[in-house]
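Undergrad: Quick one: this structure, given as C-alpha cells, is what I'll be asking you about.
Derivation of every value follows stated rules applied to the coordinates shown; laboratory data play no part. This is a predicted model, so every value here is computed, not measured. Cβ atoms come from the backbone with ideal geometry, glycine included; neighbour counts cover every protein chain shown.
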Amino acid sequence: MSSTASEIFKLHKETGMSIMDCKEALAEANGDVEAAIEFLRNKVEAEAEALKPKYALVTGGAGSSDELNKFWMDITDLINSGWRCQGGVSVTLNNRNGVLVFHQAMVRD
C-alpha cells in the first residue's frame, strides 16, 4: 500500500524520524500508523544496540578496601548486565603513589 505525502509527513512530525524512514515504516506497516511507529521504535533500538561497546576495561586501585570493593562491584554490575570476563585480573603497581591497580577486561556478546 502506498502512503500519501501527508501521512508520511504527519508520521515524521510525530516521531521526529526522517521522511525516508517514515515512508519505509508506513510501507512495511501497510499504512497502519501504530504499526509504523512500532517499526520505527524497533529500528532505533536495533541501531542503538549496534552502537553499544563490545569491550570494556574495568580499572580500580587498591589504596583502600573501599576502592577494591568498588572495583569488584563494577565487575559484578557488568556481569549482571550481560558482560563476561575476558581473561584474568591483571595487577600493576602505580609507581607514582605505590598503589596496586587492578585491571579486568570485559566483553559483551
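Undergrad: Relative contact order for region 5-51 using alpha-carbon pairs under 8 Å, separation at least 6, rounded to a whole percent?
TA: Numbers: 30 pairs, mean separation 12.8, N = 47.
About 27 percent, as a whole number.
Undergrad: Suppose only helical runs count, i.e. DSSP H with n ≥ 4. What mean residue ellipticity at 222 nm does that imply for the chain under -39500 (n - 2.57) per run, divided by all residues and rounded to the nearest 500 deg cm²/dmol?
TA: Working: 4 runs with 56 residues, N = 109.
-16500 deg cm²/dmol, from helical runs alone.
Undergrad: Please identify the longest segment of the chain free of exposed trypsin sites (Lys or Arg not before Pro), where exposed means a DSSP state other than H, G, I, E or B and no more than 15 other Cβ atoms within 10 Å. Walk me through the intermediate numbers first.
TA: On the way: sites that count: Lys54, Arg96.
Longest site-free region, per DSSP loop and neighbour criteria: 1-53.
Undergrad: Considering only the other residues whose Cβ falls under 13 Å of the Cβ of Met73, what net charge follows from Lys and Arg at +1 and Asp and Glu at -1? Before the final figure, lay out each step's value.
TA: Details: positive: Lys70; negative: Asp66, Glu67, Asp74, Asp77.
My count for the surroundings of Met73 gives -3.
Undergrad: Pairing the Cα long axis of helix 65-80 with the longest principal axis of the chain, what angle in degrees results, from 0 to 90 and rounded to the nearest 10?
TA: The helix 65-80 is inclined about 30 degrees to the chain.
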